[in-house]
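Data first, discussion second: the structure below is written as structure tokens.
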Amino acid sequence: MRDKICGVVAATDERSMLRQLRVAMRSTGTVELRLDWLRDGAEISRFLMRLPSAPRGTILLATCRRREAGGKFAGPIAEQLAHLTEAVAAGCLWYDLEIETVRQCPPELLRVLLAGARQFTSAHFFHGMPKNLQRVAGELSRGRSDAIKIAAHCNSLADARQLLALARKRKGKNIVAVPMGDVALPARLLAIRHGSAFTYAPVENATAPGQISLAEIKGVYRLDRLTSRTQVYGVIGDPIVHSLSPHMQNAGFQARRLDAVYLPFLVHDLRDFVASIEPLGIRGFSVTLPHKEKIMQHLDGCDPLAAKIGAVNTVVVRAGGKLYGYNTDYVGVLRSLERRIPLRGSRVLIIGAGGAARAVAFALAQSGAIPCISARKPERAKSLARAAGGETITWTKIRHEFFDAIVNATPVGMHPNIASSPLEARELNCRLVFDTIYRPRITKLLRLAKRRGIETVSGVEMFVAQGTAQFEIWTGERAPAAAMRRAVLRALDREEASAAQLKKPTKPRAAR
């Protein structure tokens, strides 16, 4: 295949298909046409009649997947083959035929009907990994197959590694390995460096679980430049879909022209992730909720300050696969606050007692401030206050006391629960409110503070500061902070504009 990224064109009408196809051909030289997404046979024929000539070297792959194989085409096999024949006549050099159809078709019939095009034989397992991948690959390779594809839903990275191992074993034999599902997303992206001929990326509509759009794959992850030498980094969390770390860190790598990629890992089971570090070639990773404290059980060593805090947000993979932990959240806290208020002697209320709260408390204590801890679980608040040399504030007393600053170190108010706030307006008796959440940029807590005329600090500042510190730990180079900040703000701007667009009321149609 010409390109490592296969743009997927999928829509219900021929006009949308043609529009997506033009977008895809500007970005990649390999494009899949999902004919089964078109509303009916007549629409498929209209689309193929208007199919433009592809630029020289561009490969068009026609797919008309039947429902039995996870597609949308409801017609009989004869009609499926007729549409693929039309596609080949219209200029498609490849066609994808699922194993369910191949089993019912004499090879001679396929040779007659689809002569002149090359056959992808595919198998899809939407409910989990097949018991014997080698047997599946063997069946797919029989007959006139020119390439094979195995797509399987993976409940863990261990499942995904099985698919990658198969691709590695058959490297150079035209195999496409597709780990499906949110947990397997990083493996899906890394499959091309493990031997998969390409990875799929939809122009608009996802056609399988765990896909990332063509624009994001090219613009954020630059997977078209991925090689066996590319250094792999990532962020682990649960959930992780909210994280803008990939936008920030990949922008940093691009600005410094480093051959590196940063991926999001949805991690339910830390042991599964740790076991995948060496096989996936991971050199370092960020840690977010809820793993900042639990990850310490898996480390071989730790920075003294991180050990004192009791939470790690940055891990380096050293020689021999040894994991060494750091905490850069405290850097973000200090850079966000010290320019606005004199920290020494200040009383700062910290809401929460988890990993983020610990970083805030120790950062403030080191700067001479008095951390005041309040949490829904009083015992955790007392424990943190003792460790950081601060004091505890019961929830009922917050509204009766004054603080120099209040810091939210909980996930309350984080996307998608943006209507929540850890405190009410009457409880904001302070000079400054700092929310460590950065998505959304302006949380409900910050809006409440602004209405009362209180100075506010968005979590974006802490996020960028801790991220640039991570970049420097991993790479040994000065972080391009301005480029990394711009990437975060652009992503937030797009997200907020999209949300605003969705909220716009539709105009009622005029009465006829």
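Is it true that some residue in segment 262-284 is in a loop (DSSP other than H, G, I, E, B), free of Cβ contacts under 8 Å to residues at least 24 places away in the same chain and not hydroxyl-bearing (S, T, Y)? So far as segment 262-284 goes, no, none of its residues is in a loop (DSSP other than H, G, I, E, B), free of Cβ contacts under 8 Å to residues at least 24 places away in the same chain and not hydroxyl-bearing (S, T, Y). A449 meets all of the listed conditions (1) of a type in the set (A, V, I, L, M); (2) touching a strand residue (DSSP E or B) at 6+ places or on another chain (Cβ under 8 Å); (3) not assigned by TED's automatic domain parsing to the domain that holds M414 but one, namely (3).
One residue is enough: does segment 91-98 have a residue meeting the conditions among the hydrophobic types (A, V, I, L, M, F, W, C), buried (at least 20 other Cβ atoms within 10 Å of the Cβ) and in contact with a Lys or Arg (Cβ under 8 Å, 6 or more places away or on another chain)? Checked segment 91-98: at least one residue is among the hydrophobic types (A, V, I, L, M, F, W, C), buried (at least 20 other Cβ atoms within 10 Å of the Cβ) and in contact with a Lys or Arg (Cβ under 8 Å, 6 or more places away or on another chain).
For segment 469-483, give me each residue that is assigned to a helix (DSSP H, G or I) and surrounded by fewer than 23 Cβ atoms within 10 Å (Cβ to Cβ).
Correct list: A469, E472, I473, T475, A481, A482, A483.
Among residues belonging to segment 328-353 that are under 30 Å from G281 (Cα atoms) and at pLDDT below 95, point out the one that is surrounded by the most Cβ atoms within 10 Å (Cβ to Cβ). My answer is D329. Regarding E68, is this residue of a type in the set (D, E, K, R) and surrounded by 15 or more Cβ atoms within 10 Å (Cβ to Cβ)? When the stated conditions are applied, E68 does not pass them. Look at (1) surrounded by fewer than 16 Cβ atoms within 10 Å (Cβ to Cβ); (2) in contact with a helix residue (DSSP H, G or I) (Cβ under 7 Å, 6 or more places away or on another chain); (3) within 30 Å of S228 (Cα to Cα) and you find that G57 fails only one, number (2).
Taken over segment 418-477, the criterion of being farther than 20 Å from F253 by Cα and hydroxyl-bearing (S, T, Y) is satisfied by S420, S421, T436, Y438, T443, T456, S458. Only residues that are under 28 Å from I148 (Cβ atoms) and either within 31 Å of the chain's Cα centre (by Cα) or not assigned by TED's automatic domain parsing to the domain that holds V88 (or both) were counted in segment 24-53, giving 14. Just wondering, is there one or more residues in segment 303-311 that are closer than 20 Å to P246 by Cβ and under 24 Å from the mean Cα position of the chain (by Cα)? No, segment 303-311 contains no residue that is closer than 20 Å to P246 by Cβ and under 24 Å from the mean Cα position of the chain (by Cα).
Of the listed requirements (1) of a type outside the set (G, A, S); (2) surrounded by 14 or more Cβ atoms within 10 Å (Cβ to Cβ); (3) touching a Ser or Thr at 6+ places or on another chain (Cβ under 7 Å); (4) farther than 23 Å from A215 by Cβ, L48 misses just one: (3).
The set of residues in segment 202-248 that are β-branched (V, I, T), over 19 Å from A184 (Cα atoms) and either at pLDDT below 95 or in a helix (DSSP H, G or I) (or both) contains only T227.
The values are calculated or read from the model by the stated rules, or taken from the named source; none is laboratory data. Worth saying up front: this structure is predicted, and the values here are computed from it rather than measured. For neighbour counting, all protein chains shown are included, and Cβ atoms are generated from backbone atoms with ideal geometry for every residue, glycine included.
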